[in-house]
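The values are calculated or read from the model by the stated rules, or taken from the named source; none is laboratory data. Everything quoted here is computed from the prediction, not taken from an experiment. Please note: Cβ atoms are built from the backbone with ideal geometry, for glycine as well, and neighbour counts cover all protein chains shown. Just the protein is used for accessible areas: all its heavy atoms, side chains included, with ligands, DNA and RNA removed. Shrake-Rupley method; radii C 1.70, N 1.55, O 1.52, S 1.80 Å.
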Amino acid sequence: TADTYKVIANPYPSILDTEELVAANSGSKVWLLDPSLGALGAYVTYDGTNWSVATASADKNIQSGQGFIVKSSGTSFVISESNKTTGFSTYWLSRNNYASATTTTNADKIRLTLHKNVNNEWQLLDGALAVNSSNGNNAVDATDATKISNFNESLMFFNGTSNLAIEYRNLPEENQVQPIKMTGTTVASYQIRISAENYQNSDLIPVLEDTLLNTSTEIPVDGTV
């Protein structure tokens, strides 16, 4: 069924290249459970162009027997021999196996990550990504990647009634607001860390607005967190 979530297991004893798999299935997106995020793991999204959270792209391959979630604009999702690749990894199957990576395209990106203070250490829990370009659309459409809520803390963009892990928008205009939504929090200290990537298409400076404290903080566009 088109535009519905389906749970699939890798049917091969070989690993699958996630990015090739999505490229071979036009209009599809993939969600994987990253066990290194938070205490229970969190979902990361790949939409054919971008990863959220970016760390997943360092070890992108789906392991033998690993389950994942797909959503497609069509009525089929094909896994073929050509999607196989070599190697093996325990990233998706072991906790606290943290990797780091960055991705770049010509679009302006603003990346958000949610962190929690656990035993005086900041633990990465979740993330969301905004992608702004001249051909972007501020309305929710098939380009945007919806958010699958985690078992506890979740961070996402909120557009109308839609929760988004990756939101594609046009280049910003003055006084435009892109709401951020956070759910599943407990009584603890949290940080939202924000950084820009390849921010060169807009002359406007993005600002984080705290509606509780009524404060505004400029988001640096040079990649500084």
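Each principal axis of the Cα cloud of the stretch 125-225 was taken in turn, and the coordinate range along them, longest first, works out to 39, 32, 23 Å.
Accessible area per residue for the chain, computed on protein heavy atoms with a 1.4 Å probe, is 51 Å². Across the accessible surface of the stretch 67-225, with the other protein chains kept in place and a 1.4 Å probe, carbon and sulfur atoms take up 47 percent. Measuring r between the beta carbons of Val118 and Asn198 and using R0 = 35 Å, the FRET efficiency lands at 0.65. Computed on the stretch 1-90, with alpha-carbon pairs under 8 angstrom and 6+ residues apart, the relative contact order is 47 percent.
Based on the mean of other beta carbon atoms within 10 Å per residue, what is the order of 72-83, 106-117, most packed first?
Result, highest mean first: 106-117, 72-83.
With P(r) over Cα pairs in 10 Å bins from 0, in percent defined as stated, name the option among [x] 6, 22, 25, 23, 15, 6, 2, 1, 0; [y] 8, 33, 36, 19, 4, 0; [z] 7, 29, 32, 19, 7, 4, 1, 0 computed from the structure displayed. So the calculated entry is the one marked [y]. Spatial offset of the stretch 119-159 relative to the stretch 36-77 amounts to 13 Å, using the alpha carbon center of each. Of all lysines in the structure, those lying under 29 Å Cα to Cα from Lys71, and not within fewer than 8 positions of it along the same chain, are Lys6, Lys29, Lys60, Lys84, Lys109, Lys147, Lys181.
Taking each residue as 0.36 nm, the span from Val207 to Ser149 lengthens on full extension beyond its C-alpha to C-alpha distance by 18.3 nm.
Taking 7 Å steps out from each Cα toward its Cβ at Ser73 and Ile219 produces label points 2.5 nm apart.
So what is the 222 nm mean residue ellipticity for the chain from helices alone, if each DSSP H run of at least 4 adds -39500 (n - 2.57) and you divide by all residues, rounding to the nearest 500 deg cm²/dmol?
The helix-only estimate for the chain comes to -1000 deg cm²/dmol at 222 nm.
From Cα pairs below 8 angstrom and at least 6 apart in sequence, can you work out the relative contact order of the chain, rounded to a whole percent? Computed value for the chain: 19 percent relative contact order. If R0 is taken as 22 Å, the Cβ-Cβ distance between Glu20 and Asn137 corresponds to a FRET efficiency of 0.25.
Give the peptides 46-54, 6-14 in descending order of average Cβ contacts within 10 Å, highest first.
Ranking the peptides 46-54, 6-14 by packing returns 46-54, 6-14.
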